[in-house]
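**Student:** There's a structure below that I have some questions on.
The values are calculated or read from the model by the stated rules, or taken from the named source; none is laboratory data. Values in this document were obtained by computation on a predicted structure and should not be read as measured data. Reconstructed Cβ throughout: ideal geometry from the backbone, glycine too, with neighbour counts over all protein chains shown.
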């Protein structure tokens, strides 16, 4: 399908982008790589009156050592994160998950900020940020605020961002060589995950998040609680589907997704050495 007509604004700075959001409110949408917004516009699931292009804001493209965490600019593309030595050293789970996003063309154009703002439960980055215990810096007309990943995703393709706000930075705690694992099951290498798992050891305990197992990106709290109670990897993995609401579609039934979640969580826990 062809998108409905819209006005196009190319922002020269983050301030210009925020000003456009304030001016147009709910009728405006930000576009960076375009891999989330444009397909939705073509399907007419999104029909902004104004598209604000922020893809050329180079000051939001970086990976920096910020002491106890990595600071990543929201417009940093997936490929840059995948190969960055700081990410590989201090947050290898993020590097691995990013390497599994789409195909090389997607990874060279798509941005981490766009993926997180889109809040798609089938995407790899939201679950990975949850497992890492990360957060995002959100800028708006009233200044900046930091939002934990656990407070970012509020509903199906919905986040806690206000219409006049944008993600400007992602903050990822340094985990170094702590145990981690990223597991993903899909039919073809470039496909969305039918089910995926991000697992990270954090201060001696496990943080596990699931891809495409709920209406929102979500932590597998039943698994984490079982592990905290002394369960083995196999025992904890049996709780992977608890509290989840996976969908049934052309790729998988609810039962199959529940089965995959248990299988992949067990693999992740074993690989990460968490249990």
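**Student:** Kindly indicate which of 240, 268 is surrounded by 20 or more Cβ atoms within 10 Å (Cβ to Cβ), touching a strand residue (DSSP E or B) at 6+ places or on another chain (Cβ under 9 Å) and not in a helix (DSSP H, G or I).
**Tutor:** Exactly one of 240, 268 is surrounded by 20 or more Cβ atoms within 10 Å (Cβ to Cβ), touching a strand residue (DSSP E or B) at 6+ places or on another chain (Cβ under 9 Å) and not in a helix (DSSP H, G or I), namely 240.
**Student:** Could you list all residues from region 247-265 that are crowded, with 17+ Cβ neighbours inside 10 Å and either free of Cβ contacts under 8 Å to residues at least 40 places away in the same chain or in a helix (DSSP H, G or I) (or both)?
**Tutor:** Selection gives 257, 258, 260, 261, 262, 264, 265.
**Student:** While we're looking at this one, here's another question. Condition check: in a helix (DSSP H, G or I) and at negative phi. Does residue 177 satisfy that? Please lay out each step first, then the result.
**Tutor:** Details: in a helix (DSSP H, G or I): no; at negative phi: yes.
Taking the combined requirement at face value, the residue does not satisfy it.
**Student:** Determine whether region 197-216 contains at least one residue that is assigned to a helix (DSSP H, G or I) and within 13 Å of residue 122 (Cα to Cα). Steps first, please.
**Tutor:** Filtering region 197-216 down to residues assigned to a helix (DSSP H, G or I) leaves none.
Looking for residues that are assigned to a helix (DSSP H, G or I) and within 13 Å of residue 122 (Cα to Cα), one finds none in region 197-216, hence no.
**Student:** In the list 202, 195, which residue meets the criterion of being within 22 Å of the chain's Cα centre (by Cα), on the phi < 0 side of the Ramachandran plot and modelled with pLDDT of 95 or more? Let's see the steps before the verdict.
**Tutor:** Details: 202 fails: modelled with pLDDT of 95 or more.
Sole residue among the options that is within 22 Å of the chain's Cα centre (by Cα), on the phi < 0 side of the Ramachandran plot and modelled with pLDDT of 95 or more: 195.
**Student:** Still on this structure, please answer the following. Could you tell me whether residue 107 is outside any loop (DSSP other than H, G, I, E, B) and under 23 Å from residue 67 (Cβ atoms)?
**Tutor:** On the way: outside any loop (DSSP other than H, G, I, E, B): yes; under 23 Å from residue 67 (Cβ atoms): no.
Taking the combined requirement at face value, the residue does not satisfy it.
**Student:** So which residues in region 72-83 are free of Cβ contacts under 8 Å to residues at least 60 places away in the same chain and closer than 15 Å to residue 132 by Cβ, if there are any at all?
**Tutor:** 81
**Student:** Can you confirm whether residue 30 is part of a strand (DSSP E or B), in contact (Cβ under 8 Å) with a residue 60 or more places away in the chain and either in contact with a strand residue (DSSP E or B) (Cβ under 8 Å, 6 or more places away or on another chain) or more than 19 Å from residue 157 (Cα to Cα) (or both)? Working first, answer last.
**Tutor:** On the way: part of a strand (DSSP E or B): yes; in contact (Cβ under 8 Å) with a residue 60 or more places away in the chain: yes; either in contact with a strand residue (DSSP E or B) (Cβ under 8 Å, 6 or more places away or on another chain) or more than 19 Å from residue 157 (Cα to Cα) (or both): yes.
Yes; evaluated as a whole, the condition is true for this residue.
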